[in-house]
Amino acid sequence: MSIIIDRRLNSGKKSTVNRQRFLRRYKNTIKESVKEQINQRSITDMERGTDVAIPRKDVSEPVFHHGDNGRRQHVHPGNKEFHSGDRFKRPEGSQGHETGEGEASHQGSGIDDFVFQINRDEFLQYLFEDLELPNLIKKNLMDTTEYSLRRAGFTLYGSPDRLNIVRSLRAANARRIALFGKERKLIRELKRQLRELEVQPGNRDREKEEELRNQINELNKKLRRLPFIDDFDLRFNNLVRVPQPSSKAVMICIMDVSGSMTREIKDIAKRFFLLLYLFLERNYEATEVVFIRHHSEARECNEHDFFYARETGGTVVSSALVLARQIIDDRYPPAKWNIYVAQASDGDNWDSDNPLCHDAITRKLLPLVQYFAYVEIANRHQNLWHTYKDIEKNFSEQFAQQQIRDQSNIYPVFRRLFEKKVE
């Protein structure tokens, strides 16, 4: 078995293979660092790479060495001040040989933590590892734009790069055997007769020998005129285009921007949806995102308005759910699309509107969608949470809700909602 080692250098003149091995070794440390970075960054700075610090004790290789126990004597060269047996105090105001938060000292030395940088792709890879859109299924092949080439036997015509040498030589050999099999058999018989005449005791029949030689030569000349390989011996690998199954998905993002949503709550909601947007953008090329903002009225908007528009008002959550159903009916037939809905709110809704929300989700949306995720951004549960609790109980495969109390809960809640299910 051949083993190919890729020793190409990356732009930093470091081996890519060594870098990938290093990343695998410190995978858990990097994931913890990525998790901390998400809670500290601003919304506009969410996706860039980052510096990862690894404690120096973790990067050291295990070695065999003498222990610290027992009595040992050291002789240091260049000593003109101390003699054997002298005792002196440890320098004050320092951690000795350690680095860190101790006061500065003119003595001692140490080693800083090992710090390296991961790029944007590596950062997003660790961020969204082991996550997926739940219940994603392959829809029909209509409107497919991707094809793959697959082997489908052999053909007599094709481009030179698809020439199958083995098949071509095998066909040429079969042709030569089929056309001149009798002549070869006759040549062998004539040679056998000629050999018998040559070894026959007594007078040899020279004329007969010469006649046999002439026949053999004529047959050999005829064989040499046969081409070793002809055009119709050529065989080409036949490749056919096979359409790839489509996994198109649409995510409908619904964000509450009513007056009860404070600036901090809106910021948490934006962070959650931005995390979701990056997740979809990175993992699914054929995924579309629909943005809906709502207060007492709901409207579809673009990405910029969804995250940065400043309009506000009362709270009627059902208006956004009804609009989501209208968008699905108009543009995303369930037979062709995997449909997902993500909603973020503080849960403070008009009491009379909660039954309408329950009806809109259970009767109008869940029959059409693969997954509905709701996040409540509040310190304690509001009336909408209790309304959705009944839906979560009866539709546990399609509906899930989580609570976010502060910014540090965003990433753990996101992972719980979209973690990969083990079948």
Just in the range 352-389: which trypsin sites (Lys or Arg not before Pro) are loop by DSSP and have at most 15 other Cβ atoms within 10 Å? Arg380
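Using the Cα centre of the range 292-408 as the reference point, and only Cβ charges (+1 on K/R, -1 on D/E), how large is the resulting charge dipole? Debye, rounded to the nearest 20.
With only Lys, Arg, Asp and Glu charged at Cβ, the dipole is about 260 debye.
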In terms of modelled amide H atoms, which long-range or inter-chain residues lie less than 5 Å from the amide H of Asn338? Lys248, Ala249, Val250
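How high is the FRET efficiency from Asp329 to Asn173, r the C-beta distance, R0 60 Å, rounded to 0.05?
On the way: r = 65 Å, r/R0 = 1.09.
That gives a FRET efficiency of 0.35.
Quick one: which of 286-292, 169-175 comes out on top by average Cβ neighbours within 10 Å, and what's the full order, highest first?
Values: 286-292: 18.6, 169-175: 15.1.
With the highest mean Cβ count within 10 Å placed first, the list reads 286-292, 169-175.
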If packing is taken as the mean number of other Cβ atoms within 10 Å per residue, what is the order of 148-158, 328-338, 272-282, highest first? 272-282, 328-338, 148-158
Under 17 Å by backbone N from the virtual spin label 7 Å along Cα-to-Cβ at Asp230, the residues of the range 174-209 are 174-184
Just to be sure I follow: if Rg is taken over the C-alpha atoms of the range 272-378 and Rh is the Kirkwood radius over the same atoms, what is Rg/Rh? 0.94
Starting from the amide H of Val290, placed 1.01 Å from N in the peptide plane, find each other amide H under 5 Å away whose residue is 5 or more places distant or on another chain. Met251, Ile252, Cys253
Amide H neighbours of Gln402 under 5 Å, counting only residues 5+ apart in sequence or on other chains, H built in-plane at 1.01 Å? Tyr374, Val375, Glu376
Computed lengthening from Glu210 to Glu303, 0.36 nm per intervening residue step minus Cα-Cα distance: 23.8 nm
Going by average Cβ density within 10 Å per residue, which order do the peptides 66-73, 381-388 take, highest to lowest? 381-388, 66-73
For the range 290-306, 3J(HN,Hα) per residue [Karplus equation, 6.51 cos²θ - 1.76 cosθ + 1.60, θ = phi - 60°, Hz, x = Gly/Pro]: 10, 9, 10, 9, 8, 10, 7, 10, 10, 8, 7, 9, 8, 4, 5, 5, 4
Cross-link pairs beyond the 27 Å C-alpha cut-off, checked among Lys31/Lys420; Lys31/Lys389; Lys364/Lys393: Lys31/Lys389
So, with a 1.4 angstrom probe, what is the percent of accessible area on the range 347-386 that is carbon and sulfur? 51 percent
Residues of the range 354-373 with amide N under 13 Å of the 7 Å Cα→Cβ point at Asp390: 354-363
The ³J(HN,Hα) series, computed from each phi in the range 191-206 with the Karplus coefficients 6.51, -1.76 and 1.60 at θ = phi - 60°, rounded to the nearest Hz and given as x for glycine or proline, is 5, 5, 5, 4, 5, 5, 5, 5, 9, 5, x, x, 5, 8, 8, 5
How about the range 180-233: which trypsin sites (Lys or Arg not before Pro) there are in a DSSP loop, with at most 10 other Cβ atoms within 10 Å of their Cβ? Arg225
Is any residue of the range 286-317 close enough, with backbone N under 18 Å, to a label point placed 7 angstrom from the Cα of Lys336 along the Cα-Cβ axis, and if so, which? 286-290
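The values are calculated or read from the model by the stated rules, or taken from the named source; none is laboratory data. Being a predicted model, the structure only gives us computed values, none of them experimental. Backbone-built Cβ (ideal geometry, glycine too); neighbour counts: all protein chains shown. With ligands, DNA and RNA removed, areas are computed over all heavy atoms of the protein, side chains included. Shrake-Rupley method; radii C 1.70, N 1.55, O 1.52, S 1.80 Å.
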